[in-house]
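Report on the structure given below.
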Amino acid sequence: MISWKIEEVGFDSRNIASNGNKFLTGNGYMGVRGTLEEFTKENLVAVNLAGIYDRVGQGWREPLNAPNGLFTTLRIDEEEFSILKIQPYFHRCSLDYRKALFSRNTVWKTKRGQVEIESERFVSLDEPHLIVMKYSITANFHADIELITGIDGDVWDIHGPHYDYLSLSIKNNDLIAVGTTHENKDKVYVVETCKCDFVNETNYSVDDKRVLRHVSFITDPGTKYTLTKWISVFTSRDDTGCRDESEAVRLVEDCSMKGYDHCRNAHIKKWEEKWSVSEVIIEGDDAAMEALNYSLYHLHSIAPRHARSMSIAARGLSGQTYKGAVFWDTEMFMLDFFIFTEPEVAKTLLRYRIDTLGGAMAKAKHYGYDGAFYAWESQEGGYDACSDYNVTDVFTGRPMRTYFKDKQVHISSAIVYGIMKYIDITGDESLLWENGAQGWKTIIECARFYYSLLLKKLDSDYYEIHDVVGPDEYHERVNNNGYTNRMAKYTFDTAIRVIDLIDRIQDDLAQKIRSEYPVEQLREKFSDASAHIFIPRPGKDGVIQQFDGYYDLEDATPSILKGRLLHEKEYWGGAYGVASNTRVIKQADVVTWLAMFPKDFPVETMLANWNYYEPRTEHGSSLSACMYALLACRCGYPDLAYPFFLKSATVDLIGGGKQWAGLVYIGGTHPAAQGGAYMTAVRGFGGLDFEDGKIKIKPRLPKSWRSLRFKIWHRGRLYLIEETGESAKITPVG
Ligand code: IFM
């Protein structure tokens, strides 16, 4: 059995940043970093909001952090007691990730005796706008306590400050902060109310950054004094379009009337509902079961259940890293988890892409192409937040030209892949045809995009795609990247499939589509493109060259390149990166192709590529290990896969992943790796697949796993899958 709990005993300020990620709590609407109540922006506190962005001057556009309503600090006998200033006698913080409860327990020894603080908080899964915290103090003497608690509007920003104007006020017992952003004058409303179970004297203070209450009392030895805070967060970007703070005030007043236990129970019940479908049980390997379910906890915490059309940022809700933007990470790495355990969320994620088709078409046009070229780093409306200079050179301190935005064309195919995966597994085609969500159009426009990229040499029979960046970002502007070409072919085939479906749908929609698009002509073009696009073939050794000319590069290994580094944060790619003119790659590339299309080649070919590329892969992206794990499983080597699986599943449990790309901070949580770990568990080890609309299982469990049990939604029904050794049982649930 696993404990469903992680904890850290003792306080080490060097762990503040990684613990912010490790102990994160969230509900898709917002993420609260796992920091302590007395922390401020210097300690990377963030109440990170989904789907609302701001840009200040020429800085990067990034998501907002809300004013922090959890802020609480303590004076004992007129001295400030912060863990940052006074080393505690005892300290523990923990996360119950089954119930999504963060708690803290700190004991200080003062000149007159001992004082203990206990706190517990959660970001409600039951009410997306709500955070609740209970904070208690017990002393073994008559301590003179001043508890200072309220809203800290001095938020952590990477490219801020994002609030041009911050209004702070006190009404009745409510503290209110309203921030107005720089770019669009969006509003963020935070209201905090508080109840104490003891008699006290309360005063208030407001300055230009904080609105606080000061609660003073003298403790009786051994008595616990508890204060409970309800914090609500709304923005003018919410689906409900909040226009003033009244909704936020109503929510905290309503919830504080119901009480802490009521809110806590409702929250836990919602989490239990999630676990009743998504828990993965591994007998024989508690460490793997713990790491995997902890990964799923993170995925649940960032699922945008409050919205109809929204996606997940590459670093989830852990801060502003990567501009809070949506990458291919969602469709290629996280989607399986949501399709199998909560298909409605998967649909919300895909709707976001369908709804941002306009942005993708504008981007294609900007670069002189047809169709839809999706944003590499997508923000609202499909705006591409990726900068042309996305890495800062450590040697010159200057921005370095990178080609992620303009050349990483495989992004559009990921959207097509995601939509079709959802349709094939759920059997729900509504994303293709439903009003407002024109999945059919997205797919056709993606195919038009790739069609406009095709090149044909005069004496050649096949089409090529030149000047791209594949998943391995260290080699820029290459020709015929195998992964990209294969995904383009898949996009052509899918567009043909969709065109063929048009005859089956209601007449008026079919007519409308036909009037907008010359579908027969497109069908012909896409068929020709699919038949003739160049797809690199395995050589005699079975290995597929990653792109034209790859074999001409110096053969090296990541450890050789490490020896050539002049600076620990040096970027390995770009014009003169240590990897650029070698065969060392950043992350799974050909291997991703083979893992996604396991029927393309026999097992021997897949294995030959695994063996060739793995020693040449830096795994410099957290997306890499799971693809190696998945492919090793597909080759029938679960024990080879196992360490790669564990690396993915423990990415935020152990921490220590890459924090820098050049001088750009890239820390935070890693939802793609977490999704990849899930994909490896159920598709890789679990051998889950589908054929003719039916579930197919081929267990390939690592040797320590006695059994594997998980549930999946398939075509509107929930199934329990139980596997032991070679045998598997599929049982409908309910
Ligand atoms: O999408 C990835 C990319 O493949 C590698 N760099 C980080 C991005 C966000 O996770």
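In segment 277-301, the qualifying residues are those that are open to solvent by 10 Å² or more (accessible area, probe 1.4 Å) and in a loop (DSSP other than H, G, I, E, B), and the one that is farthest from Arg98 (Cα to Cα) is Gly284.
So Val326 fits all but one of (1) within 15 Å of the ligand (Cβ to nearest atom); (2) β-branched (Val, Ile, Thr); (3) within 23 Å of Leu646 (Cβ to Cβ); what number is the exception? It is condition (3) that Val326 fails.
Does Leu594 qualify as being under 18 Å from Cys626 (Cα atoms) and of a type outside the set (Lys, Arg)? So Leu594 passes the test.
Summed over segment 558-597, residues that are within 30 Å of Met400 (Cα to Cα), open to solvent by less than 50 Å² (accessible area, probe 1.4 Å) and assigned to a helix (DSSP H, G or I) total 6. Annotation note: Cβ proximity below 8 Å between a residue of segment 579-590 that is within 15 Å of the ligand (Cβ to nearest atom) and a residue that is basic (Lys, Arg) and open to solvent by 10 Å² or more (accessible area, probe 1.4 Å) (sequence gap 6+ or interchain) occurs for Ala579/Lys586; Ile585/Arg616. Being within 14 Å of the ligand (Cβ to nearest atom), among the basic types (Lys, Arg) and in a loop (DSSP other than H, G, I, E, B) narrows it down to one residue among Arg305, Arg315; which is it? Criteria check complete, one pass: Arg315. May I ask you to say which residue of Ile339, Ile268 is in a helix (DSSP H, G or I), more than 16 Å from the ligand (Cβ to nearest atom) and under 16 Å from the mean Cα position of the chain (by Cα)? Among Ile339, Ile268, only Ile339 is in a helix (DSSP H, G or I), more than 16 Å from the ligand (Cβ to nearest atom) and under 16 Å from the mean Cα position of the chain (by Cα).
Taking residues in segment 656-674 that are closer than 22 Å to Ser278 by Cβ and touching a residue at least 60 places away in the same chain (Cβ under 8 Å), and partners anywhere that are away from the ligand (no atom under 12 Å from the Cβ) and open to solvent by 20 Å² or more (accessible area, probe 1.4 Å), not one pair has Cβ atoms closer than 6 Å while being at least 6 places apart or on different chains. Do we find a residue being within 17 Å of the chain's Cα centre (by Cα) and open to solvent by less than 10 Å² (accessible area, probe 1.4 Å) anywhere in segment 598-609? Within segment 598-609, not a single residue is within 17 Å of the chain's Cα centre (by Cα) and open to solvent by less than 10 Å² (accessible area, probe 1.4 Å).
Can you pull out every residue in segment 382-436 that is small (Gly, Ala, Ser) and either closer than 28 Å to Gly59 by Cβ or in a helix (DSSP H, G or I) (or both)? Hits for segment 382-436 are Gly382, Ala385, Ser387, Gly397, Ser412, Ser413, Ala414, Gly418, Ser430.
Considering segment 443-486, and only residues there that are touching a Pro at 6+ places or on another chain (Cβ under 8 Å) and farther than 19 Å from Tyr369 by Cα, the residue that is farthest from the ligand (Cβ to nearest atom) turns out to be Gly482.
Determine whether segment 688-696 contains at least one residue that is farther than 20 Å from Ser624 by Cβ and open to solvent by less than 10 Å² (accessible area, probe 1.4 Å). There is at least one residue in segment 688-696 that is farther than 20 Å from Ser624 by Cβ and open to solvent by less than 10 Å² (accessible area, probe 1.4 Å). Are any of the residues in segment 17-27 farther than 21 Å from Gln674 by Cα and either β-branched (Val, Ile, Thr) or open to solvent by less than 10 Å² (accessible area, probe 1.4 Å) (or both)? Scanning segment 17-27, I find no residue that is farther than 21 Å from Gln674 by Cα and either β-branched (Val, Ile, Thr) or open to solvent by less than 10 Å² (accessible area, probe 1.4 Å) (or both), so the answer is no.
Let's see how each residue does on (1) open to solvent by less than 30 Å² (accessible area, probe 1.4 Å); (2) aliphatic (A, V, I, L, M):
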site: Tyr462; (1), (2): no, no
site: Thr494; (1), (2): yes, no
site: Ile502; (1), (2): yes, yes
site: Ile505; (1), (2): yes, yes
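Counting just the residues of segment 612-643 that are more than 16 Å from the ligand (Cβ to nearest atom) and either outside any helix (DSSP H, G or I) or free of Cβ contacts under 8 Å to residues at least 40 places away in the same chain (or both), which one comes out most open to solvent (accessible area, probe 1.4 Å)? Step by step, filter segment 612-643, then rank; the result is Tyr637. For segment 1-54, the strands (runs of 3 or more DSSP E) that sit wholly inside it and include 2 or more residues that are under 22 Å from Ile231 (Cβ atoms) and among the β-branched types (Val, Ile, Thr) are 47-54.
In this structure, does Gly676 turn out to be open to solvent by less than 30 Å² (accessible area, probe 1.4 Å) and not in a strand (DSSP E or B)? Answer is yes for this residue.
The C-beta contact set for segment 35-54 (first residue over 15 Å from Gly153 (Cβ atoms) and free of Cβ contacts under 8 Å to residues at least 60 places away in the same chain, second residue open to solvent by less than 20 Å² (accessible area, probe 1.4 Å) and in a strand (DSSP E or B), distance under 7 angstrom, 6+ apart or interchain) comprises Glu38/Thr72; Glu38/Thr73. Across segment 719-731, what is the number of residues that are open to solvent by less than 60 Å² (accessible area, probe 1.4 Å), part of a strand (DSSP E or B) and not charged (D, E, K, R)? Within segment 719-731, residues that are open to solvent by less than 60 Å² (accessible area, probe 1.4 Å), part of a strand (DSSP E or B) and not charged (D, E, K, R) number 5. Of all residues in segment 708-718, those that are surrounded by fewer than 17 Cβ atoms within 10 Å (Cβ to Cβ) and part of a strand (DSSP E or B) total 3.
The values are calculated or read from the model by the stated rules, or taken from the named source; none is laboratory data. Since the model is a prediction, treat every value here as computed from it, not as a measurement. For neighbour counting, all protein chains shown are included, and Cβ atoms are generated from backbone atoms with ideal geometry for every residue, glycine included. Ligands, DNA and RNA are stripped out before the accessible areas are found, and what is left, the full protein with its side chains, is counted by its heavy atoms. Shrake-Rupley method; radii C 1.70, N 1.55, O 1.52, S 1.80 Å.
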